[in-house]
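Nothing in this text is a laboratory measurement; each read-out follows from the coordinates by a stated rule. Predicted model, so just to flag it, every value in this text is computed and none were measured. When we count neighbours, we look across all protein chains shown, and the Cβ atoms used for this are built from the backbone with ideal geometry, even at glycine.
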Amino acid sequence: MYVSIIIPTYNRQDQLMVTLNALRNQTYPAASFEVILVDDGSTDDTPRFADARFPFPFAYLHKKNSGATISRNVGAGRSKGELLIFLDDDIELDPPAVEVLVRKHKLYAKTIIVGTLLPAKSEADRQSSLVSSTLSDREQNESQVDFIECFTGLLSIRANDFHALGGFHDPTGGWPNWDDVDFGYRASQAGFQILRTSEATAVHHDQAAANIISAANRWHQASKTAARLFQVHPEIQPHLPMFIDKSPINWHRDSPWLIGRKMVRPLASSRPILWGLEKLALKQESSNRDSPFLAILYRWIIGGYIFRGYRAGLREINSAPIMTKKAQGAR
């Protein structure tokens, strides 16, 4: 089976080299897959990859900056593979990953398969995690997951199925635009199953997870655009429990317990409270990163930023004309 690996990128030249070099080490034959790098208008030295040489067929495409969603679709439009693998530019594939995904797709029809992303850590910790995963998943190496886990960081689908679904859509017009959740939702509505395999693993060098401040800011922005996602697909909201106590109180539908949570949430998410929690978390990081209390602080802080971002998104919606599903689909 010939495979097309599609990588959208923007201003990540150093990390991109790690991603591409990992593809040199795949156990799947180099002549049996191509790599399509879609440069979304980078302003750093990413264009130098246009002249790069690899053991596999490699194509560099440069386009005007318009986001990863369009970049993925552009790459898919230029692909030759029977199987498409979408890979983010901060993902370092382990050697068997492509071979595993090919083997899995030969077993299942009408299926999207996502790999397992591991956080960047020391090599010793990483090998320990891989061994543990291998032992625990020996009997069942893949499991069916909900459409909200249809992550594009490492996602594979047969090319004819991808095009039949209409490719990726931009449901929000912002960033992050939840195109993966939208794609998973539309696929599940069309009768696709979504599987995660623990055999196709990769390290996620997530820059936004480097510290609590960057992680919180990303969640703020994602929650802001989530308000627009729910405007297009209101039926998706119950599948994302992180927003359960972030929406305005519905006195006729909400339980007393949920009303209480929603009444407390604005105070718990106020700027002074979040500022104090952030200072406490940074202090705890410097003294004991393994403290269970730190994980609790992270959860409180992230929850506060989700609330603030989501409410900001709702305010934008309420101050602008409503965009219907039909209009949104025309993007």
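The figures follow:
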{"quantity": "Per-residue [θ]222 nm for the chain (sum of -39500 (n - 2.57) over DSSP H runs n ≥ 4, rounded to 500)", "calculated": "-14000 deg cm²/dmol"}
{"quantity": "Listed peptides 211-217, 17-23 by packing density, highest first (mean Cβ within 10 Å)", "calculated": "17-23, 211-217"}
{"quantity": "Relative contact order of region 209-329, defined on C-alpha pairs under 8 angstrom at six or more residues apart (%)", "calculated": "47"}
{"quantity": "N21-A268 FRET efficiency (beta carbon distance; Förster radius 45 Å; 0.05 resolution)", "calculated": "0.50"}
{"quantity": "Vicinal HN-Hα couplings computed from phi for region 42-49 (Karplus, 6.51 cos²θ - 1.76 cosθ + 1.60; Hz; Gly/Pro x)", "calculated": "4, 10, 8, 8, 4, x, 5, 5"}
{"quantity": "Under 5 Å, built H, 5+ apart or other chain: amide partners of E34", "calculated": "V3, S4, I5"}
{"quantity": "Contour excess over end-to-end distance, with Cα ends at A190 and R299 and 0.36 nm allotted per residue", "calculated": "35.8 nm"}
{"quantity": "Cβ-based exposure ranking for I157, I7, in which fewest neighbours within 10 Å come first", "calculated": "I7, I157"}
{"quantity": "Debye-sum result for region 27-108 in log10 I(q)/I(0), which assumes one identical scatterer on each alpha carbon, at q = 0.13 Å⁻¹", "calculated": "-0.45"}
{"quantity": "Per-residue Cβ neighbour rank within 10 angstrom, fewest leading, M242, M263", "calculated": "M263, M242"}
{"quantity": "Among [x] 65, 58, 33; [y] 60, 52, 46; [z] 90, 53, 33, the entry derived from the coordinates for Cα extents along the principal axes in Å", "calculated": "[y]"}
{"quantity": "Cα gyration tensor, region 209-329 - rounded (a/c under 1.5), prolate or oblate", "calculated": "prolate"}
{"quantity": "Using θ = phi - 60° and Karplus 6.51 cos²θ - 1.76 cosθ + 1.60, couplings along region 269-285 (whole Hz; Gly, Pro as x)", "calculated": "9, 5, 4, x, 5, 5, 4, x, 5, 5, 4, 5, 5, 5, 5, 5, 4"}
{"quantity": "Phi-based couplings in Hz for region 222-229 (Karplus 6.51, -1.76, 1.60; Gly and Pro marked x)", "calculated": "5, 6, 5, 6, 4, 4, 6, 4"}
{"quantity": "Fewest-first sequence of F230, F58 by Cβ atoms within 10 Å of each Cβ", "calculated": "F58, F230"}
